[in-house]
Amino acid sequence: MILVVVALLSMTATFAEDNKANNAQLFDMSVNYNKLGEALNLNNDQLESLQDVHKAFCAEMLNAAYADKDEQKVMMDNAIKKDLKYMRYILDKKQYRKYLMLLNVTLNNRGLNK
């Protein structure tokens, strides 16, 4: 009986870890910066600034992936708002609109924009 309980608990723990790993893949926002720079027509200074801001955004999104379900949405929303605030400063209007579109498509494709 004890062995059955231990087996069930270990299978549950393994399943929970697999869910966290799959969830982390959904929240992984890493991109190819050169391709993003080309798509947005960025100059070198903009690209460098975008990389710094986006790396912080990626870290915040991964933190949200491992958070409790009730905290996850708030953390994700805060990360997105912060990212967009900084991108608004870095990019011109045309670049910002395109970045916003790309981010929205990415979030929709991953099922995170609910």
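Quick notes on this one:
- Of Lys35/Lys85; Lys73/Lys98; Lys69/Lys98; Lys35/Lys82; Lys55/Lys82; Lys55/Lys93, those spanning more than 19 Å from alpha-carbon to alpha-carbon: Lys35/Lys85; Lys73/Lys98; Lys69/Lys98; Lys35/Lys82; Lys55/Lys93
- Residues listed by number, region 25-56, amide nitrogen under 16 Å from Asn109 label point at 7 Å toward C-beta: 25-40
- Projecting the Cα atoms of Asn78, Asn108, Asn63 onto the charge dipole of region 54-114 (Cβ charges, centred on the Cα centre) puts Asn108 farthest toward the positive pole.
Each value in this text was obtained by applying a stated rule to the coordinates, not by laboratory testing. Just so we're clear, the structure is a prediction, and the values are computed from it rather than from any experiment. Virtual Cβ from ideal backbone geometry, glycine too; neighbours counted across all protein chains shown.
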